[in-house]
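The values are calculated or read from the model by the stated rules, or taken from the named source; none is laboratory data. Being a predicted model, the structure only gives us computed values, none of them experimental. All Cβ positions, even for glycine, are placed from backbone atoms using ideal geometry, and neighbour counts span all protein chains on display.
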């Protein structure tokens, strides 16, 4: 893993391959490692870069949950991209990776060669208000996000084995390491209007070649959000996976990897 300083701390990332950059942005409760199997399909022809948000993976984990907000994550990713000086790149977002990376894409669509959205959003999810003492305890003391929500959102195609589930749990071994997951949970309660406002700019990405990948067996981020993507990006290609849940990159990498490679190649061919 490589590391560099951004406003909120030290951000880690890994990269493999050479060629046009592809930036893979993860969500919760996970890390950049979730992209490894998909990246194998891309690295023969592309430079793949996968950062860890602060509070996740190998990045620094600030100890105060009040630090974590979506605009804060956006500015940290903006600083990372600015220092990387990638030039135009392909963008892939999953889960909270959308609310973090998409505002940057909307601000500079000329920098985005293509967009791939995997089980993500940029609007108010209108979820329940979880910002209370009980839920804070569950997230920080009991690892609720990795322990419960992963199981709830997993699909039927690939079994969530004990070992695979443990790989989620082990990324957040103690209370101090779980501040980022609680920060994302709170954002659903408090930052819906901010996400909704950001989402008003999605039309600026209408001309960007886009792929939307959706696991319809996800019980957390449900198919009605796919309908909103179809409205927001009417020219996007849509890949629906009936028996896959919230983590297509882990549940069906043998489908997502080639589909993503085909998407990137088609964009490259169109610009030759």
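The table below gives the values:
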item	result
Tally, over region 68-85, of residues that are surrounded by fewer than 16 Cβ atoms within 10 Å (Cβ to Cβ) and in contact with a helix residue (DSSP H, G or I) (Cβ under 8 Å, 6 or more places away or on another chain)	1
Lone qualifier among 125, 115 - being under 29 Å from residue 175 (Cα atoms) and not in a helix (DSSP H, G or I)	125
Subset of region 33-56 [out of contact with any strand residue (DSSP E or B) (no Cβ under 6 Å at 6 or more places or on another chain) and assigned to a loop (DSSP other than H, G, I, E, B)]	40, 41, 44, 45, 53, 55, 56
Qualifying residues in region 44-56 (those that are buried (at least 17 other Cβ atoms within 10 Å of the Cβ) and over 16 Å from the mean Cα position of the chain (by Cα)) - the one farthest from residue 136 (Cα to Cα)	46
Residue check for residue 249: within 15 Å of the chain's Cα centre (by Cα), assigned to a helix (DSSP H, G or I), modelled with pLDDT of 95 or more and buried (at least 21 other Cβ atoms within 10 Å of the Cβ)	yes
Candidates 30, 59, filtered to the one that is in a loop (DSSP other than H, G, I, E, B) and either within 13 Å of the chain's Cα centre (by Cα) or free of Cβ contacts under 8 Å to residues at least 12 places away in the same chain (or both)	30
Filter result (closer than 28 Å to residue 139 by Cβ, in contact with a helix residue (DSSP H, G or I) (Cβ under 9 Å, 6 or more places away or on another chain) and surrounded by fewer than 24 Cβ atoms within 10 Å (Cβ to Cβ)) within region 1-33	1, 5, 6, 7, 8, 9, 12, 13, 14, 33
